[in-house]
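Engineer: My structure is below; once you've seen it, I'll send some questions.
The values are calculated or read from the model by the stated rules, or taken from the named source; none is laboratory data. Keep in mind the model is a prediction, meaning the values are calculated, not measured. Cβ atoms come from the backbone with ideal geometry, glycine included; neighbour counts cover every protein chain shown. Calculation scope for accessible area: heavy atoms of the full protein, side chains included, ligands and nucleic acids excluded. Shrake-Rupley method; radii C 1.70, N 1.55, O 1.52, S 1.80 Å.
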Amino acid sequence: MITFQGIAVSPGVAIGKAVVFNVEGGRVPPSYCESTAVPAELERLDDAIRLATVGIQESSQGVSQKIGVEYGAIFEGHLLMLHDDSLKKRLREAVEKRRFSAEYAVYDTLGEYAAKFQNLNDPYLAERASDVRDLQNRLLRILTNERMQVRFSEPVIVFARNFTPSETAAMDTHFIQAFATESGGPASHTAIVAEALHIPAVVGVGQFLHHLASGDIVIVDGDAGTIIIHPDENTLERYERLQSRQQSYAVDLASLKDLKAVTKDGTEIELLGNIEFPSEAEDCWNINADGIGLYRTEFLYLGGEHPDEQEQYEAYRGVLEKMNGRPVTIRTVDLGADKLLEKPDTEGDEFSSYYIEEEKNPCLGLRSIRLSLKRVELFRRQLRAILRAAYYGRAKIMFPLISTVAEWRQARMIVEDVKEDLAERGVHFAPDVPIGMMVEVPSSVLMIDRFVREVDFFSIGTNDLTQYTLAVDRTNKDVYYLYNSCDPVILKLIHMTVLAADGAGKPVSLCGQMSGNPIFTPLLLGLGLRHLSMAPALLPEVKKVCREVDIEQCRLIAQKALEMEKASEVRNYLRAEYFHLFPEMDGEGVL
Ligand code: PEP
Ligand code: MG
């Protein structure tokens, strides 16, 4: 039995068989599979060869059309090589006899071919070595990029060096019980998507994949952030018990569904859901959320297709109708940083997508509202879709990552312009949709006294606010120790925002990951928040806390936390307060 510690990002425990995807920037460390996983690995290999064949044929046609058939013919060599019987046989043997994973079989076998050509001291054959490398890269790219489209026929736990948010979004939740990655940070969008899909997940484990083979029995503990490979009998039994305890706890929480989140002194707290996919509106409704506080619309793009106005309109309208008159805050596209689109295949596509050229500092670059203001036609298209859909429900529009008043005004003006345009064309739309902004950059907090004059509502995004205030990448495991939303500096910024918004009579909510952690609930209520938005699965537990506290007690907690100097001090204090309130929770697992 070997145990690894990572960062817990999506709760729950899974026990099952591993599938390992193991490629890192062109280098593939040795990775193996259990005998039971051999057929699945062979199938992956065959799929990759099939897809590579199609890709090579397309490249050949494209090049022939652009610069001539004689250049297109270069790819014929690749096709011949790919379908060479002896190469195929060697690849299959590597999986069947040596138990290599599909990636490692490709890496090892083609690597050996390339080295042989290279060493022949013949310039013509040395050239062939680069063709082999080309083929190797193409197959490896397919085996990594297509990995989430792999069809599983039994429940598995997937492991990789990293997953992008879109790969996570494409996970087949029917069969994927959990996942864990070597890299990744606590508030990465990969983690957020895992939470939305209710898949237990651990990220930032560091190098551990070489200890693991596809088919191994593993445990992923998404509450404690641990991965246990080949668990012994005692551990297995302990985790099976924990799983069943968690199931009965979930039943307990479900009994709160029809009750309001009212504190003991009678203060009503609005609990809203965060969603990434339209289908999650159903989860919000089923859990009896008061509405949707954050709809991350960029995930419509990250799924692969780039939706046109009508497709967006239908998605938004569907969510609004599902929520049946409860408020839905639709955030305009927040692409960039760790939410990137694939490079378009043809040049023309660039103008119809939100693809961003590689940047040195993507978190500080062309992301979010900045991208919308740059690709104005795409922004206008989204606004038209939202305003039209808003006719069928209670929509609000929210801009992400506003960092200056000028940026806010520019975005706001475009909304007015789009409204005028719709009115002129006689299209049905809702003219009085409230327009608000995310508070997730320190500059917007420092200028909050100006924003309150013009903005209809605010939502504090502590994920980015923590990243930008403490200058710490939210996706990087190596600086994870600095990434703390309960750092006193973040508490101060939240407090400043709430005081200013309250003073101006403007509603303010909090929709960062902090909202869904019950340990923080008394603190957030004490800081003056009355609207919290979180992944729907986390809402019942937060409701339970709201119903057990009174506001005065929460104020004292917040006051004390605000006086502290270190995040660890705040966290330990809040944990102690929480376990004081709920002593029965102070055991293994659950939190
Ligand atoms: C945030 O930054 O806290 C937030 C809610 O936005 P996102 O996580 O989508 O960046
Ligand atoms: Mg954000």
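Engineer: Evaluate the following for LEU510: is it over 21 Å from the mean Cα position of the chain (by Cα) and within 15 Å of ligand 1 (Cβ to nearest atom)?
Structural biologist: no
Engineer: Would you please name the residue that is nearest to ligand 1 (Cβ to nearest atom), looking only at residues in the range 352-380 that are of a type in the set (Gly, Ala, Ser) and closer than 30 Å to ASP290 by Cβ?
Structural biologist: SER368
Engineer: Let me ask something additional. Does ASP464 fit the bill of being over 24 Å from GLU321 (Cα atoms), assigned to a helix (DSSP H, G or I) and away from ligand 2 (no atom under 16 Å from the Cβ)?
Structural biologist: Considered against the rule, which asks whether it is over 24 Å from GLU321 (Cα atoms), assigned to a helix (DSSP H, G or I) and away from ligand 2 (no atom under 16 Å from the Cβ), ASP464 comes out as no.
Engineer: Turning to a different aspect of this structure: Please enumerate the residues belonging to the range 316-335 that are out of contact with any strand residue (DSSP E or B) (no Cβ under 7 Å at 6 or more places or on another chain) and closer than 22 Å to THR190 by Cα.
Structural biologist: The answer is VAL333, LEU335.
Engineer: When you go through (1) modelled with pLDDT of 95 or more; (2) farther than 18 Å from LYS543 by Cβ; (3) within 16 Å of ligand 2 (Cβ to nearest atom) one by one for GLY293, which number turns out not to apply?
Structural biologist: It is condition (2) that GLY293 fails.
Engineer: Continuing with this model, one more query. ASN137 passes all but one of (1) open to solvent by 30 Å² or more (accessible area, probe 1.4 Å); (2) touching a helix residue (DSSP H, G or I) at 6+ places or on another chain (Cβ under 8 Å); (3) not acidic (Asp, Glu); which number fails?
Structural biologist: Going through (1) open to solvent by 30 Å² or more (accessible area, probe 1.4 Å); (2) touching a helix residue (DSSP H, G or I) at 6+ places or on another chain (Cβ under 8 Å); (3) not acidic (Asp, Glu) one by one, ASN137 breaks only (2).
Engineer: Among the residues of the range 439-460, write down those that are among the aromatic types (Phe, Trp, Tyr) and either away from ligand 1 (no atom under 13 Å from the Cβ) or out of contact with any Ser or Thr (no Cβ under 7 Å at 6 or more places or on another chain) (or both). Spell out how you get there, then give the answer.
Structural biologist: In the first step, residues of the range 439-460 are kept if they are among the aromatic types (Phe, Trp, Tyr); the result is 451, 457-458.
Answer for the range 439-460, where residues must be among the aromatic types (Phe, Trp, Tyr) and either away from ligand 1 (no atom under 13 Å from the Cβ) or out of contact with any Ser or Thr (no Cβ under 7 Å at 6 or more places or on another chain) (or both): PHE451, PHE457.
Engineer: Okay, next question. Which of (1) in a loop (DSSP other than H, G, I, E, B); (2) more than 16 Å from ligand 1 (Cβ to nearest atom); (3) within 27 Å of the chain's Cα centre (by Cα) is the odd one out, the single condition VAL427 does not satisfy?
Structural biologist: All conditions pass for VAL427, except number (3).
Engineer: Being on the phi > 0 side of the Ramachandran plot and modelled with pLDDT under 90 is the filter; apply it to the range 169-220 and report the residue that is surrounded by the fewest Cβ atoms within 10 Å (Cβ to Cβ).
Structural biologist: Residue satisfying both the conditions and the ranking: HIS198.
Engineer: Of all residues being within 15 Å of ALA8 (Cα to Cα) and either among the aromatic types (Phe, Trp, Tyr) or open to solvent by 20 Å² or more (accessible area, probe 1.4 Å) (or both) in the range 461-478, which is nearest to ligand 1 (Cβ to nearest atom)? Just the residue, please.
Structural biologist: Across the range 461-478, the extreme among qualifying residues is THR475.
Engineer: If only one of PRO442, PRO362 is under 17 Å from LEU465 (Cβ atoms) and within 16 Å of ligand 2 (Cβ to nearest atom), which one is it?
Structural biologist: Every option except PRO442 fails the conditions.
Engineer: Search the range 274-308 for residues being more than 15 Å from the chain's Cα centre (by Cα) and of a type in the set (Gly, Ala, Ser), and hand back the single one that is surrounded by the fewest Cβ atoms within 10 Å (Cβ to Cβ).
Structural biologist: Applying the filter and picking the extreme gives SER279.
Engineer: For the range 295-310, indicate whether the set of residues that are free of Cβ contacts under 8 Å to residues at least 24 places away in the same chain and in contact with a Leu (Cβ under 6 Å, 6 or more places away or on another chain) is non-empty.
Structural biologist: yes
Engineer: If you don't mind, another one. Check LEU491 against each of (1) open to solvent by 40 Å² or more (accessible area, probe 1.4 Å); (2) assigned to a helix (DSSP H, G or I) and name the one condition it does not meet.
Structural biologist: Unmet condition: (1).
Engineer: Answer with yes or no whether VAL452 is of a type in the set (Val, Ile, Thr), open to solvent by less than 30 Å² (accessible area, probe 1.4 Å) and within 25 Å of the chain's Cα centre (by Cα).
Structural biologist: no
Engineer: Is at least one residue of the range 408-428 crowded, with 17+ Cβ neighbours inside 10 Å, in contact with a helix residue (DSSP H, G or I) (Cβ under 9 Å, 6 or more places away or on another chain) and within 19 Å of ASN274 (Cβ to Cβ)?
Structural biologist: no
Okay, residues lined up against (1) acidic (Asp, Glu); (2) modelled with pLDDT of 90 or more; (3) out of contact with any Gly (no Cβ under 7 Å at 6 or more places or on another chain):
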{"position": "ILE49", "(1), (2), (3)": "no, yes, yes"}
{"position": "SER60", "(1), (2), (3)": "no, no, no"}
{"position": "GLN65", "(1), (2), (3)": "no, no, yes"}
{"position": "GLU70", "(1), (2), (3)": "yes, no, yes"}
{"position": "ASP85", "(1), (2), (3)": "yes, yes, yes"}
{"position": "GLU93", "(1), (2), (3)": "yes, yes, yes"}
{"position": "GLU112", "(1), (2), (3)": "yes, yes, yes"}
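Engineer: Before we move on, is LEU271 at pLDDT below 95 and surrounded by 13 or more Cβ atoms within 10 Å (Cβ to Cβ)?
Structural biologist: So LEU271 does not fit the description; no.
Engineer: A further question on this structure: Determine whether SER443 is outside any loop (DSSP other than H, G, I, E, B), without any contact (Cβ under 8 Å) to a residue 60 or more places away in the chain, among the hydroxyl-bearing types (Ser, Thr, Tyr) and within 21 Å of LEU510 (Cβ to Cβ).
Structural biologist: Criteria met by SER443.
Engineer: Residues to consider are ALA37, ALA94; find the one that is in contact (Cβ under 8 Å) with a residue 60 or more places away in the chain, surrounded by 12 or more Cβ atoms within 10 Å (Cβ to Cβ) and in contact with a Ser or Thr (Cβ under 6 Å, 6 or more places away or on another chain).
Structural biologist: ALA37
Engineer: Are there any helices (runs of 4 or more DSSP H) wholly within the range 500-571 with 2 or more residues that are open to solvent by less than 60 Å² (accessible area, probe 1.4 Å) and in contact with a Pro (Cβ under 7 Å, 6 or more places away or on another chain), and if so which? Lay out the reasoning, then the answer.
Structural biologist: Working: elements: 521-526, 539-548, 551-563.
In the range 500-571, the matching helices (runs of 4 or more DSSP H) lie at 539-548, 551-563.
Engineer: Sort through LEU383, LEU320, LEU401, LEU387 and tell me the only one that's open to solvent by less than 10 Å² (accessible area, probe 1.4 Å), within 15 Å of ligand 1 (Cβ to nearest atom) and either polar (S, T, N, Q) or at pLDDT 95 or above (or both).
Structural biologist: The match here is LEU401.
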